[in-house]
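A.B. asks: Right, I'll just put the structure down here and ask away after.
The values are calculated or read from the model by the stated rules, or taken from the named source; none is laboratory data. Nothing here was measured: the structure is a model prediction, and the numbers come from that model. Here the Cβ positions follow ideal geometry from the backbone for every residue, glycine too, while neighbour counts run over all protein chains shown.
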Amino acid sequence: MCPPSHYSKEGTHPTVEWLFLDLNSYFASVEQQERPELRGRPIGIVPLITENTCCIAASYEAKAYGIKTGTSVADAKLVCPHLQLVEGRPKLYVEYHHRITEAVQSCIPISHVMSIDEMACRLMGRERFIPNANAIAYQIKEALRKVATPTLVIHGDEDPILPLPHGRATADAIPGAKFLVIEGMGHDISPRAQKRIAQAILEHTAAR
């Protein structure tokens, strides 16, 4: 919550009862977060990459062309020939949902989760005064900025240039990061460590 000094005095401001969080273009925004090359481009999220389906979500850039949930791929490409189709990844969207709810909960309790991209927080007491509600909303926004791609940090326990504590410090500095120690590996990736590293990366990416 905001520091007490940020709260307004009772009776000096109008009040509100709720804060609502609605993540517009949620599926598309998650894909743009995961894949920077998609940012700023019109994309349509589809169940499968085929011309015989419809968009289940559209980025803000695609919405500017009139593309929305339910627009057929054929119609979408008529109005936006350079639309990029992206196959949906439901597990990834659920993972981001949980991380977003955790970020919001770090600022204020969530009263209701209406859907994967909508939630509501009831304001109590002095939280209800509009300047205080705005301060909480800003705090939530800042917390959401820290929601990013889960990271896997891999480090050798015999690295003579960057000892093991350096790798652990890197992982500790990234929220939600996983830390994998490769025994017997130095600063360079040894041939015998390549298979273990490749397997770890495959498991990390497959989980998403």
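A.B. asks: With (1) within 16 Å of GLN33 (Cβ to Cβ); (2) in contact with a helix residue (DSSP H, G or I) (Cβ under 8 Å, 6 or more places away or on another chain); (3) without any contact (Cβ under 8 Å) to a residue 24 or more places away in the chain as the list, and GLY88 as the residue in question, which single condition is left unmet?
C.D. replies: Looking at each condition in turn, GLY88 falls short on (3).
A.B. asks: Same structure again: Could you check segment 60-87 and list, in sequence order, the residues that are touching a Pro at 6+ places or on another chain (Cβ under 6 Å) and either part of a helix (DSSP H, G or I) or within 15 Å of GLU31 (Cβ to Cβ) (or both)? Can you show your working first?
C.D. replies: Start the filter on segment 60-87 by keeping residues that are touching a Pro at 6+ places or on another chain (Cβ under 6 Å), which leaves 61-62, 80, 83.
Hits for segment 60-87 are GLU61, ALA62, LEU83.
A.B. asks: Among residues belonging to segment 7-25 that are surrounded by 13 or more Cβ atoms within 10 Å (Cβ to Cβ) and either modelled with pLDDT of 95 or more or over 23 Å from the mean Cα position of the chain (by Cα) (or both), point out the one that is farthest from LEU144 (Cα to Cα).
C.D. replies: HIS13
A.B. asks: Against the definition (at pLDDT 75 or above, β-branched (Val, Ile, Thr) and either in a helix (DSSP H, G or I) or more than 30 Å from HIS98 (Cβ to Cβ) (or both)), how does THR205 come out, yes or no? Before you say what the answer is, go through the steps one by one.
C.D. replies: Numbers: at pLDDT 75 or above: no; β-branched (Val, Ile, Thr): yes; either in a helix (DSSP H, G or I) or more than 30 Å from HIS98 (Cβ to Cβ) (or both): yes.
It is false that THR205 is at pLDDT 75 or above, β-branched (Val, Ile, Thr) and either in a helix (DSSP H, G or I) or more than 30 Å from HIS98 (Cβ to Cβ) (or both).
A.B. asks: Does segment 36-53 contain at least one residue that is surrounded by fewer than 19 Cβ atoms within 10 Å (Cβ to Cβ), closer than 19 Å to HIS97 by Cβ and touching a strand residue (DSSP E or B) at 6+ places or on another chain (Cβ under 6 Å)?
C.D. replies: No, that holds for no residue.
A.B. asks: Related question: What is the one condition in (1) surrounded by 14 or more Cβ atoms within 10 Å (Cβ to Cβ); (2) free of Cβ contacts under 8 Å to residues at least 24 places away in the same chain; (3) in a loop (DSSP other than H, G, I, E, B) that CYS107 does not satisfy?
C.D. replies: (2)
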